[in-house]
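Quick notes on the structure that follows.
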Amino acid sequence: MTIERRLSSTLAAVLLCLAGLAPAAAQTPAPPAGPRPWPDAAAMRARRLAAEQRPLFTTETPLPITLSADFKAVNRDRNPKSTKLFPATLSVARKDGTVATLPVQIRTRGHSRRLTQTCSFAPLRIQFDPATTAGTVFEGHRALKLGTHCRAADLYEQYMPREYVAYRIYNLLTPRSFRARLVDASYVDAESGKKLEERQALFIEDDDDVARRAEGRISDQEKLVFARLERDALTLMTLFEYMIGNTDVSIYALHNARVIERPNVALFYPVPYDFDYSGLVNARYAVPAKVLNLTSVTERAYMGPCRTLPELEPYFAQFQAIRPQVAGIINGVPGLSAGYRKDALEYIDEFYETLTKPRAAKEAFIDRCNKAGM
């Protein structure tokens, strides 16, 4: 099955379920397990503070690392269900300038980027031994996703800082969002010691740390409709996805989105991630799902809930307030070409123009809204 067909079939199934056209068995969630007890308020606060202070995400300077492994073996593991781990070492500078070489385990991960027809170099998941990370930027981490360059071409390397821009923009809108850190990565063959690649990469915050910072926890609850989600968070998230031109997301299927549950709060809090299929990134391999009838990923489609224009105005104002900072991020993130910066600014300006024109806003957000879910 091609990537485009896979995305189309997944999204089509979600839309059918939400429209009430799927088989009844597919619409009925499994009965939930008994509720897990929550830590007390002091423990929740301590977990939040620890997650907030992870040194990896307290600066925006690209992080130099060297990752050594048998990458031929690693990159042959493209089974979407595989969790096979490979031994590796990760070298990184400590605060005092000395180099720490950490024993880690790595594996391939992801959906479309894990497929050989999409990427010759797969995205990775890195697992740490917590006993070895003290005094490094990885202290406190057990596992992290590493977005990689996909293919050995400068254009593909551009996708890492482009996606980083998307993460940074959403961070401006809400702290309850995934943090990311650009990486200057050197990949080395473990047996020969030969340097294979020097490319930009992207560390993405652990799911559980995002939830801890929100004083909650990640839920695996699927098939959530809009009525089960926090109103403000849902509206903000779906407007942001429209801003960056991303339709490769489904809260209902937990595809490129996680949901956070919090004590004494009945509704779930959605948090998006993985923006490489967005129009803002405009990756060569990205295609929109056929069911959406879009010509390319740069064509926007609102997938969010139905709101009136007066209800949307406070959110529009929130986006307008960050506009100078958005431009600052696009102009300031290292590694982006001058041509991309210009195109990205124009693409974002198109979004802001829609916000200021009532007719255009009505057509984008009212006439094409979703009533049930996404």
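Every number here is computed from the coordinates shown, using simple stated rules; none is lab data. Owing to the predicted nature of the structure, the values given are computational and were not obtained by experimental measurement. Don't worry about glycine lacking a Cβ; one is built from the backbone with ideal geometry, like all the others, and counts go over all protein chains shown.
At most 15 other Cβ atoms within 10 Å and a DSSP loop assignment: could you name the trypsin sites (Lys or Arg not before Pro) in the range 186-247 that fit? Don't jump to the answer; show the numbers that get you there.
Values: sites: Lys194, Lys195, Arg199, Arg212, Arg213, Arg217, Lys223, Arg228, Arg231; in loops: Lys194, Lys223.
Loop-located and lightly packed - Lys194.
Based on other C-beta atoms within 10 Å, arrange Glu197, Glu230, Glu241 from fewest to most. Each step should come with its number before you reach the end.
Numbers: Glu197 16, Glu230 19, Glu241 26.
Ordered by Cβ neighbours within 10 Å, fewest first: Glu197, Glu230, Glu241.
Once the range 211-289 is represented by equal point scatterers at the alpha-carbon sites, with solvent omitted, what log10 I(q)/I(0) does the Debye formula produce at q = 0.17, 0.23, 0.25 Å⁻¹?
-0.66, -1.06, -1.19
Report, ordered by chain and residue number, the lysines lying within cross-link reach of Lys84, taken as a straight Cα distance under 30 Å and ignoring same-chain residues fewer than 8 apart.
Lys72, Lys145, Lys194, Lys195, Lys223
Would you mind computing, in nm to one decimal, how far apart the modelled labels at Ser186 and Asn293 are, each placed 7 Å from Cα along Cα→Cβ?
Here the modelled spin labels are 5.4 nm apart.
List the residues, sorted by chain then number, that are 5 or more residues from Ser177 or on another chain and whose placed amide H is less than 5 Å from its amide H.
Correct list: empty.
Enumerate the amide H contacts of Val104 below 5 Å, restricted to partners 5 or more residues apart or on another chain; note that Pro and chain-start residues carry no placed amide H.
Amide H neighbours of Val104, under 5 Å, 5+ apart: Ala88, Thr89, Leu90.
Going from the alpha-carbon gyration tensor of the range 30-131, what semi-axes, largest first and in whole Å, does one get by taking the root of 5 times each eigenvalue?
Whole-Å semi-axes of the equivalent ellipsoid: 29, 25, 13.
Using R₀ = 30 Å, calculate the FRET efficiency as 1/(1 + (r/R₀)^6) where r is the Cβ-Cβ separation of Asp367 and Ser337; round to 0.05.
Rounded to the nearest 0.05, the efficiency is 0.25.
For a footprinting-style exposure proxy, rank Asp154, Asp206 by other Cβ within 10 Å, fewest first.
Placing the least packed residue first, the sequence is Asp154, Asp206.
Among rounded, prolate and oblate, which fits the range 293-374 when a ≥ b ≥ c are the square roots of the eigenvalues of its C-alpha gyration tensor, a/c under 1.5 means rounded, and a/b larger than b/c means prolate?
Cα axes put the range 293-374 in the prolate bin.
Would you mind checking which residues have amide H under 5 Å from Ala143's amide H? H placed 1.01 Å from N; only 5 or more apart, or other chain.
Phe128
For Leu234, Leu155, what's the fewest-to-most ordering of other Cβ within 10 Å of each Cβ?
Leu155, Leu234
Return the aspartates and glutamates within reach of Lys342: Cα separation strictly under 14 angstrom, same-chain partners fewer than 8 residues apart disregarded; answer none if there are no such residues.
Glu350
In whole Å, how far is the Cα centre of the range 62-130 from that of the range 253-300?
Each part's Cα centre sits 24 Å from the other's.
Can you list the equivalent-ellipsoid semi-axes of the range 216-366, largest first and in whole Å, using the square root of 5 times each Cα gyration tensor eigenvalue? Each step should come with its number before you reach the end.
Values: eigenvalues 130, 70, 54 Å².
Equivalent ellipsoid semi-axes, largest first: 26, 19, 16 Å.
Viscosity 1.567 mPa s, temperature 4 °C: Stokes-Einstein D of the chain from its Kirkwood Cα radius, in µm² per second?
Diffusion coefficient, whole number: 60 µm²/s.
Subtracting the Cα-Cα distance from 0.36 nm times the residue separation, let me have the gained length for Ala301 to Ala143 in nm, one decimal. Please list the in-between numbers first.
Values: separation 158, 0.36 × 158 = 56.88 nm, distance 3.38 nm.
So the extension gain works out to 53.5 nm.
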